[in-house]
1. Can you find a residue in the range 121-134 that is under 19 Å from GLU11 (Cβ atoms), at pLDDT 80 or above, of a type in the set (A, V, I, L, M, F, W, C) and out of contact with any Leu (no Cβ under 8 Å at 6 or more places or on another chain)?
2. Scan the range 26-37 residue by residue and report those that are within 17 Å of LEU79 (Cα to Cα) and at pLDDT 80 or above.
3. Please determine, by comparing only the residues of the range 85-104 that are loosely packed, with under 12 Cβ neighbours inside 10 Å and of a type in the set (Ser, Thr, Tyr), which one is nearest to the chain's Cα centre (by Cα).
4. Counting only residues that are over 14 Å from PHE71 (Cα atoms) and among the hydrophobic types (A, V, I, L, M, F, W, C), which one in the range 26-40 is surrounded by the fewest Cβ atoms within 10 Å (Cβ to Cβ)?
5. Give the residue, chosen from LEU82, LEU77, that is exposed (fewer than 15 other Cβ atoms within 10 Å of the Cβ) and closer than 19 Å to GLN33 by Cα.
6. Tell me which of these ASP76 doesn't satisfy, since it passes every other one: (1) modelled with pLDDT of 85 or more; (2) under 24 Å from TRP121 (Cβ atoms); (3) part of a strand (DSSP E or B).
Amino acid sequence: MFRGIGETFLEETWSIFREKNQFFKKFLLHIIQCDNRIQEDKIITTKEEMEAYIKKLTIKGYGGTDFRPVFDYIKDLKLKNLKGLIYFTDGYGMFPTKNPDYKVAFVLPETEFAPLDLPVWATRITIDRRFFSEH
């Protein structure tokens with residue numbers, strides 16, 4: 001995995017939300033770090049918590065990738081009105097076979113290799129390699 005993608009995305013996304021006042025007074029955001037198991041689930045409910053989390057973000061994991069534990073974990077959370085999942089990855093891992101009840105986007109680095117085959121229910125978002133630095 002590449003160090004930097006999560007930090008860059010969180011900072012850019014948070015900046016857009018702040019500028020557009022997109023966050024409501026009450027919200028629930030799970031930032032889940034996973035490789036072949038759940039490493040962390042940080043729950044963010046306020047602007048202040050998000051800003052503090054970004055400042056102290058530490059990437060965890062880097063083991064063999066298996067996407068299925070995240071989907072199983074989310075199912076076990078029984079979240080109401082879940083709109084979507086944004087999954088940052090190099091794309092190499094085991095995908096769930098069943099389409100979840102929410103939208104899923106896999107954020108992948110640009111690569112000179114052949115594109116990975118994502119499940120038909122997944123959206124691919126490719127980010128320029130200059131946003132990455134190898135760990």
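The values are calculated or read from the model by the stated rules, or taken from the named source; none is laboratory data. Computed from a predicted model, the values in this text were never measured in an experiment. Neighbour counts run over all protein chains shown; Cβ positions are idealised from the backbone, glycine included.
1. The answer is no, given that none of the residues of the range 121-134 is under 19 Å from GLU11 (Cβ atoms), at pLDDT 80 or above, of a type in the set (A, V, I, L, M, F, W, C) and out of contact with any Leu (no Cβ under 8 Å at 6 or more places or on another chain).
2. Once the filter is applied, which keeps residues that are within 17 Å of LEU79 (Cα to Cα) and at pLDDT 80 or above, the range 26-37 yields LEU29, HIS30, ILE31, ILE32.
3. Applying the filter and picking the extreme gives TYR92.
4. Among residues in the range 26-40 that are over 14 Å from PHE71 (Cα atoms) and among the hydrophobic types (A, V, I, L, M, F, W, C), the one surrounded by the fewest Cβ atoms within 10 Å (Cβ to Cβ) is LEU28.
5. On the way: LEU82 fails: exposed (fewer than 15 other Cβ atoms within 10 Å of the Cβ).
One residue alone meets the criteria, LEU77.
6. It is condition (3) that ASP76 fails.
Listed here are the residues, each with its yes/no results for (1) surrounded by 16 or more Cβ atoms within 10 Å (Cβ to Cβ); (2) modelled with pLDDT under 90; (3) outside any loop (DSSP other than H, G, I, E, B).
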residue	(1), (2), (3)
PHE24	no, yes, no
GLU51	no, yes, yes
GLY61	no, yes, no
PRO69	yes, no, yes
PHE106	yes, yes, yes
